[in-house]
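The values are calculated or read from the model by the stated rules, or taken from the named source; none is laboratory data. The model shown is predicted, which means the values in this text are computed figures rather than measured ones. Glycine also receives a Cβ, built like all others from the backbone with ideal geometry; neighbour counts cover every protein chain displayed. Surface areas here come from the heavy atoms of the whole protein model, side chains and all, with no ligands, DNA or RNA. Shrake-Rupley method; radii C 1.70, N 1.55, O 1.52, S 1.80 Å.
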Amino acid sequence: MASNYAQAVRKGTLSAGRLLRELGVKEQIEQSGGAINIFAAISALDVPLLFRPLDGLLGAFLNFPTRGILVTTQRPLSIQRFTAAHELGHCMLDHKPSLDDENILRRMVVNEQPTQDLQEVEADGFATAFLLPKWLIANHMKRHGITIPHLRRPNVIYQLSLRLGVSYEAFCWTLVRYRMIEGKQARELLLTPRRAVKEALLEGHRPTNYRGDVWLLTERDAGSRIDGSRNDLFILKLTEHSNGGYLWNIDELRDSGFAVVRDEVAEVETESIGDPGVRRVTAQPPQDYRGRLVLDEVRPWDSDQVLTRLELDFDFTGPEEEGLSRIERRERLMLEAV
Ligand SMILES: [Zn+2]
């Protein structure tokens, strides 16, 4: 066990970095994009993981009679992921059993009175370094053309946090920890209600509730994994070369069962005539959708000539439900099928 706060953070961080390397996570993410799959990591390590409605707790680490992890079913996927990473930290660092409540989220806040429980500090350090290593944030920023000054905008923070699979709050405070923004900036970002960010994105479309997330997807997300949840909506914002007769084939979306709730073309304001426009399509995935969506930009009279193809691996089956994680269920089904 570490003997002071800084040492405890460092110990957790080093352990997470080691595990990410052992599991080859960086190489996987460079191919498929998206967030770090904490549940796949736990499954790969053969640590039993169960989801349960937990009374007043977010998660627990048990080591008797054997080690195992419990995570609540009553919170969104981002919190389930963070809790699972914290409990995996306890497991990897050979900690004593731990029952974890909302304090694991409160402790994210930088410059608050730190806890004296160094076992918890180690597990927190592990969770942050495992889910949000610096290289992963850098990868996503590069892919989306985001630089440090952009990190002042709530919408940028929100879209990045979705792709990283962490809560808006956790992401803000991690950026402070990494000295990419200041504490004051984080507090300002947290003043913007998430609902306001979603409303601005939806431009007048009113979903039944604002619990789900709103993904703004562009060509920069091509080939990427999008791990969402059941109530999520998404907006495709795509350059459309209608001047050359090319249109995005939105029927491909409808054929896959998506409800298109809005579809419009915005002209790009420039001096010259015939510049591409921007197609903006708001859609709702079918219930429990998981699969690859392929959209083509084609001339309607010649659909074989594809100008641009957008492929996205969608998974809108979150959050995790009672029992085993989704990845473990799928792995077991595959084994049974062999
Ligand atoms: Zn803990």
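Of the three principal axes defined by the Cα atoms of segment 105-191, the extents in descending order read 40, 25, 19 Å. Computed from backbone phi, the HN-Hα couplings of segment 172-182 come to 4, 6, 5, 5, 5, 4, 7, 6, 8, 9, 9 Hz, rounded to whole numbers (Karplus: 6.51 cos²θ - 1.76 cosθ + 1.60, θ = phi - 60°; Gly and Pro given as x).
Here the Karplus curve 6.51 cos²θ - 1.76 cosθ + 1.60, taken at θ = phi - 60°, turns the phi angles of segment 118-132 into couplings of 5, 4, 5, 4, 4, 5, 5, x, 4, 4, 5, 5, 7, 8, 10 Hz, with x standing for Gly and Pro. A cut-off of 5 Å between modelled amide H atoms, ignoring neighbours fewer than 5 places along the same chain, links VAL261 with THR282, ALA283, GLN284. Dimensions of the chain from C-alpha coordinates, computed as largest minus smallest value along each principal axis and given longest first, are 68, 54, 37 Å. Seen from ARG177, the other residues with C-beta closer than 11 Å to its C-beta sum to a net charge of +1, counting Lys and Arg as +1 and Asp and Glu as -1.
Rounded to the nearest 5, what is the percent of antiparallel bridges among the DSSP beta bridges in the chain?
About 75 percent, rounded to the nearest 5.
The Cβ shell under 14 Å around ALA222 holds other residues with a net charge of +1, Lys and Arg each +1, Asp and Glu each -1.
Counting only protein heavy atoms and a 1.4 Å probe, segment 13-84 has 47 square angstrom of accessible area per residue. Each Lys or Arg adds one and each Asp or Glu subtracts one; over the other residues with Cβ under 12 Å from the Cβ of ALA123, this totals -4.
Please identify every one of the GluC sites (Glu not before Pro) in segment 98-169 that sits in a loop by DSSP and has no more than 16 other beta carbons within 10 Å of its own beta carbon. Could the numbers behind the result be given before it?
Values: sites: GLU102, GLU112, GLU120, GLU122, GLU169; in loops: GLU102, GLU112.
Hits after loop and neighbour filter: GLU102, GLU112.
On the basis of the beta-carbon distance and an R0 of 22 Å, ASP251 and ARG220 show a calculated FRET efficiency of 0.40. Here segment 5-130 exposes an accessible surface that is 52 percent carbon and sulfur, computed with a 1.4 Å probe and the other protein chains kept in place.
Charging the Cβ of each Asp and Glu at -1 and of each Lys and Arg at +1, and nothing else, the dipole of the chain about its Cα centre rounds to 1020 debye.
For segment 228-255, backbone nitrogen atoms closer than 20 Å to the point 7 Å from SER303 Cα along Cα-to-C-beta are found at 240-242, 244-255.
Can you list which of the chymotrypsin sites (Phe, Trp or Tyr not before Pro) found in segment 246-338 are DSSP loop residues with at most 12 other C-beta atoms within 10 Å?
On the way: sites: TYR246, TRP248, PHE258, TYR289, TRP301, PHE314, PHE316; in loops: TYR246, PHE258, TYR289, TRP301.
The qualifying sites are TRP301.
For segment 148-274, the share of accessible area belonging to carbon and sulfur comes to 48 percent (1.4 Å probe, ligands and nucleic acids excluded).
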